[in-house]
1. Where does the chain land at 222 nm, in deg cm²/dmol rounded to the nearest 500, when only DSSP H runs of n ≥ 4 count, each adding -39500 (n - 2.57), divided by all residues?
2. Rounded if a/c is under 1.5, else prolate if a/b is larger than b/c, else oblate: which is region 46-178, with a ≥ b ≥ c the root eigenvalues of its Cα gyration tensor?
3. Pull up all non-local amide H partners of residue 53: gap of 5 or more, or a different chain, and H-to-H distance under 5 Å with H placed in the peptide plane.
4. If we sort 58-65, 25-32 on the protection proxy, mean other Cβ atoms within 10 Å, highest first, what's the order?
5. From the Cα gyration tensor of region 7-95, with a ≥ b ≥ c the square roots of its eigenvalues, which class applies: rounded if a/c is under 1.5, or else prolate if a/b is larger than b/c, or else oblate?
6. Compute the long axis of helix 146-158 from its Cα atoms, compare it with the longest principal axis of the Cα atoms of the chain, and write down the angle in degrees, 0 to 90, nearest 10.
7. Excluding ligands, DNA and RNA, what is the solvent-accessible area per residue of the chain at a probe of 1.4 Å, expressed in Å²?
8. With only Lys, Arg, Asp and Glu charged, each at its Cβ (+1 for the first two, -1 for the last two), find how big the charge dipole of the chain is about the Cα centre; round to the nearest 20 debye.
Amino acid sequence: FETKWFWVQELDNAEGGDPYYVLNGPDAVILFVLDECGQVILVRQDRPARGHATLEVPAGGVEPNETLMEAAIRELWEETGYEPGEIHALGSGGLRLDRDSATMHGFVIFGAKRVRQWQPEQGVEVVVMPPALFAEMIRRGQFEQLGAAGLILQAVLSFPDRLRELLPGAALTGTPAA
């Protein structure tokens, strides 16, 4: 089975059982973005696979012949209408290690600026939120994009002085948040 976004590959099972199926697709970028005021920039999108709209960090596929940095900047613009201030690569990894071959490349962006001449993609709404409120959503299990939660943890551990608000009630000394 193949679409323009992904294809399914059947692999023989070395132990002779049922075949193994791999979901293949292009690599992607995933972005944790804070604007000039330190607010978190998110997008709400209709997700038919989930059956409802979800609140997410900006993310998307890497185009052929595009660098990861170029993809991060393009996805930020396409989904939010923002341009990056400081942008830092955080690392790469997989989301569904058991089935998905694509690699996600994480970035944190500080000081993103809204650009006036931007038209949102159909079905995409930009949501700007205080970091403490976003952290509370994650803590309460109200943020469904678990891969992004891993990215955010990586950002907090890489830039603890700049992202301390995401850990309300806890110093980065091992004291759990209340």
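The values are calculated or read from the model by the stated rules, or taken from the named source; none is laboratory data. Only a predicted model underlies this, so the values are computations on that prediction, with no experimental measurement involved. Neighbour counts run over all protein chains shown; Cβ positions are idealised from the backbone, glycine included. We work out accessible area using only protein heavy atoms, side chains counted, and drop any ligands, DNA or RNA first. Shrake-Rupley method; radii C 1.70, N 1.55, O 1.52, S 1.80 Å.
1. -6000 deg cm²/dmol
2. The shape class here is rounded.
3. Under 5 Å from the amide H of residue 53: 47.
4. The most tightly packed comes first, giving 25-32, 58-65.
5. Because a/c hits 1.5 or more and a/b exceeds b/c, region 7-95 counts as prolate.
6. Helix 146-158 sits at roughly 50 degrees to that axis.
7. Heavy-atom accessible area per residue stands at 60 Å².
8. Dipole of the chain, to the nearest 20 debye: 720 debye.
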